[in-house]
Amino acid sequence: MQIKHNDERNTMKKLFSERYGYTKPSDVIIREQITLALQNAICSCYDQLPMIFYRAFHGNYSLDACKQEYYKLERYVWKYFFNQRENNYNKYDTIITKYFEGKEDWYLKLDLLDISIEYLRSHFSTVTDQFINLLNTDFERLHFAYRIINDDIVEIDSKEEIETIENALNNASMTIRMHLSRALELYAQRPEGDYRNSIKESISAVEVYCREKTGENTLGKALNKLEQSGLVIPAVLKQAFDKLYAYTNQPDSGIRHALMDDSGAYTPKAEEALFMLVSCSAFINYLVKKGK
């Protein structure tokens with residue numbers, strides 16, 4: 001039985017699973033599936049298409065006329081995706097959103113999205129751009145491992161990246177695991193991830209590993225001490241991670257400092273938080289293997 005947590009728990013302490021890092025990367029970074037949340041988001045983008053048409057035509061067409069343009073898309077999908085007779089098409093069936101709400105394989109649903117974009121691009125370039133922007137915004141918000149780039153749906157977060165995080169969670173000490181799990185939770189936070197503090201937790205996991213092995217409080221000193229103990233790290237790799245560490249400590253990002261205001265300080269985005277989570281996990285995995 002799955003227990004549903006009450007939202008009124010906001011002021012209570014974290015539960016065991018939250019404290020000890022049992023958040024799974026595969027539950028956060030959605031790959032090779034379409035969750036209910038993603039399904040609803042995609043359907044909502046289709047729902048907005050008539051209004052996107054209306055805005056693109058600058059109000060010169062009535063909203064009813066814009067709905068007819070949407071029905072033309074559905075008729076095209078009916079004929080060329082579902083391979084059905086054109087005269088059997090019924091605009092009241094809302095075939096596209098019904099398909100996304102059905103039990104078909106996730107990749108077939110993306111095929112339908114592909115052919116929709118192809119049709120829209122051939123007829124309405126501005127509408128296509130706005131439709132894709134809506135989809136990509138929701139894909140990023142819901143941590144879908146795919147984006148629409150140059151009208152193609154491409155994978156941006158690979159299975160290997162997810163496995164890298166999972167390996168670090170499974171093989172590191174409990175303290176390191178808590179930092180990485182917290183980084184993952186902050187990355188996945190709704191309605192918007194706390195990317196600055198996610199990066200902080202990722203780099204803290206590396207610091208903890210080095211401190212546990214050397215007793216040093218700074219990453220640079222810890223890496224030097226690891227090398228003195230016989231763990232040889234290639235100079236270029238060590239320099240690269242020193243620079244990543246320096247990035248988390250620079251004042252304009254505010255990652256390891258007080259939160260900055262809107263006066264021009266750079267705010268980390270989702271892609272940087274994920275990059276740091278994967279990179280720090282990979283570096284920990286590397287150090288663990290080197291230390292054996």
Note to self: Placing unit charges on C-beta atoms (Lys and Arg positive, Asp and Glu negative, everything else neutral), compute the dipole magnitude of the range 36-155 about its Cα centre in debye, rounded to 20.
What the structure shows: 360 debye
Margin query: Residue by residue through the range 55-60, what is 3J(HN,Hα) from phi via Karplus (6.51 cos²θ - 1.76 cosθ + 1.60, θ = phi - 60°)? Round to whole Hz and write x for glycine and proline.
Written below: 5, 5, 8, 6, x, 6
Margin query: So for the range 141-203, considering every pair of alpha-carbon atoms, how many percent are separated by more than 19 Å?
Written below: 42 percent
Note to self: What whole-number volume per residue, in cubic angstrom, does the convex hull of the C-alpha atoms of the range 36-155 give?
What the structure shows: 102 Å³
Note to self: If amide hydrogens are placed 1.01 Å from N in the peptide plane, which non-local residues have theirs closer than 5 Å to the one on PHE144?
What the structure shows: ILE30
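Laboratory data are not the source of any read-out in this text; all were calculated from the coordinates shown. Just so we're clear, the structure is a prediction, and the values are computed from it rather than from any experiment. FYI the Cβ positions are ideal-geometry reconstructions off the backbone, even for glycines, and counts take in every protein chain you see.
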